[in-house]
1. Working only within the range 339-362, note down all residues that are modelled with pLDDT under 95 and either acidic (Asp, Glu) or surrounded by fewer than 21 Cβ atoms within 10 Å (Cβ to Cβ) (or both).
2. Answer with yes or no whether ASN397 is outside any loop (DSSP other than H, G, I, E, B), closer than 22 Å to GLN151 by Cα and either in contact with a helix residue (DSSP H, G or I) (Cβ under 8 Å, 6 or more places away or on another chain) or at pLDDT 95 or above (or both).
3. State all residues of the range 76-122 that are free of Cβ contacts under 8 Å to residues at least 12 places away in the same chain and under 21 Å from THR154 (Cβ atoms); if no residue qualifies, say none.
4. Here are SER167, SER172: which of them is in the same structural domain as GLY262 (by TED's automatic domain parsing), in contact with a Phe, Trp or Tyr (Cβ under 9 Å, 6 or more places away or on another chain), within 30 Å of LEU107 (Cβ to Cβ) and of a type in the set (S, T, N, Q)?
5. Which of the numbered conditions does GLY328 fail, given that it passes all the others? Conditions: (1) under 28 Å from SER224 (Cβ atoms); (2) assigned to a helix (DSSP H, G or I); (3) modelled with pLDDT under 95.
6. Being in a strand (DSSP E or B) and in contact with a Gly (Cβ under 8 Å, 6 or more places away or on another chain) is the filter here, so list the residues in the range 64-104 that pass it.
Amino acid sequence: MTAPTQLSRRAFLRGSGISLALPFLDAMWSRSMLAADAPPPKRLVTVCSALGVYGPDFFPTAAGRDYALTPYLDILKEHRDDFTVFSGLSHPEQSGRDGHASEMTWLTSARHPGLGGFRNTISIDQYVAEKIGFETRFPSLVLNTGGNNSQSYTRSGVMIPAEARPSKVFASLFLDGSPNEVHNQMRKLKEGRSIMDAVREQAKRFEKRVGNADREKLDEYYTSVREMEQRLVKAGDWVHKPKPKVDVQPLKDIENEKDLIGRINLMFQLVPLALQTDSTRLITILIQGRGDVPEIPGVSMDHHNLSHHGQDPQKIEQLRLVERAEMGALNGLFTALKAKKEGSSSLMDNTMVLFGSNLGNANSHDWHNLPTLLAGGGFKHGQHIAMDTKNNTPLCNLFVPMLQKLGMETDTFGTSSASSLAGFA
């Protein structure tokens with residue numbers, strides 16, 4: 001057997017119209033890096049639920065490490081030691097053009113969004129992309145579950161349009177060639193021919209050059225690629241399948257033609273693949289607020305209407321069903337990141353996942369006390385850090401230590417203040 005050799009950290013398997021980037025393997029670490037115990041790169045993923053998160057089911061009542069899990073956090077209980085919950089955070093002066101204008105500033109903190117003369121500032125992901133974006137094929141991935149709006153802004157305050165089609169993101173990550181070649185490869189996926197079919201012989205030769213541990217990582221990665229392919233094909237199939245006919249008049253609010261949770265899950269499944277291959281280290285995902293009925297059992301009213309529940313118990317219960325499903329998708333992302341190993345650590349250890357909303361109380365368009373959860377990334381997690389819910393601490397005070405973990409030498413960002421988040425570093 002050929003002894004394992006050092007490999008390029010930009011190793012690819014190539015087939016006809018295909019370029020399959022490979023995950024970090026032990027054989028990709030140079031002797032000098034191993035001697036210095038060099039860590040894997042740090043990454044940032046942000047996920048914003050634009051129609052808010054129902055506070056009573058999200059925020060714990062007690063601070064510290066012994067807080068009781070709330071209904072939403074209970075869904076994440078297997079990862080309790082991997083995340084920190086924050087209350088009492090917000091961006092100052094977010095009164096803007098309308099109740100949803102703060103969606104533009106969740107990652108920037110610019111004041112009075114959308115009012116006359118408003119100009120947005122750089123978002124945290126693009127701030128980092130300016131420094132390290134050149135190290136990966138994609139400086140950042142900007143995604144949306146159902147539109148082109150994003151929360152990623154350049155230094156000039158220009159929004160970077162989001163991509164809402166998982167198949168296009170997948171093609172960008174793995175398929176090379178002309179548009180016609182990419183189209184043909186996507187057609188082959190629908191015919192049941194995996195990307196792995198095109199690179200199988202090269203993969204076999206490659207595997208002879210690495211050790212047993214790397215072979216296991218490759219097998220796990222190939223399985224993830226196949227699963228992603230299958231989910232994309234299934235998602236595409238639904239577009240062409242007729243909906244069932246029923247002999248009743250449709251309810252007024254049921255006009256949904258898309259699967260919110262399915263779209264979230266597809267986007268979340270792309271995240272470990274993009275990060276593990278070092279295709280990018282920065283991903284933003286906007287769970288776009290919609291005015292249709294999510295395809296979730298027990299939900300019969302549109303999502304936007306549910307977010308403005310007016311304390312109606314029926315609406316709140318349906319809103320909980322939607323948001324529990326979102327939290328379940330988030331739990332799946334955490335599980336996937338934690339399962340991917342990088343040396344002695346996991347992808348979760350090296351990836352910060354910021355989850356929250358630009359609205360603290362969507363019912364009243366209140367932008368104070370934003371639901372905020374940070375997972376992974378090497379922080380001391382497992383606690384609820386409770387700041388003053390009336391006199392809020394700037395959310396950018398959390399962004400600063402996040403930036404520092406990403407290797408940025410800065411003590412300020414946006415509207416950050418001199419005060420710190422006690423107990424978090």
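The values are calculated or read from the model by the stated rules, or taken from the named source; none is laboratory data. Bear in mind the structure is a predicted one, so any value in this text is a computation, not a measurement. Don't worry about glycine lacking a Cβ; one is built from the backbone with ideal geometry, like all the others, and counts go over all protein chains shown.
1. Result: ALA339, LYS341, GLU342, GLY343, SER344, SER345, SER346, ASN361.
2. Criteria met by ASN397.
3. Once the filter is applied, which keeps residues that are free of Cβ contacts under 8 Å to residues at least 12 places away in the same chain and under 21 Å from THR154 (Cβ atoms), the range 76-122 yields only GLY117.
4. When all the criteria are applied, what remains is SER172.
5. Every condition holds for GLY328 apart from (3).
6. The answer is PHE83, THR84, SER90.
Residue-by-condition table, conditions (1) modelled with pLDDT of 60 or more; (2) surrounded by fewer than 14 Cβ atoms within 10 Å (Cβ to Cβ):
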| residue | (1), (2) |
| --- | --- |
| ARG187 | yes, yes |
| SER194 | yes, no |
| ARG205 | yes, yes |
| ARG215 | yes, no |
| GLU220 | yes, no |
| LYS234 | yes, yes |
| TRP238 | no, yes |
| LYS241 | no, yes |
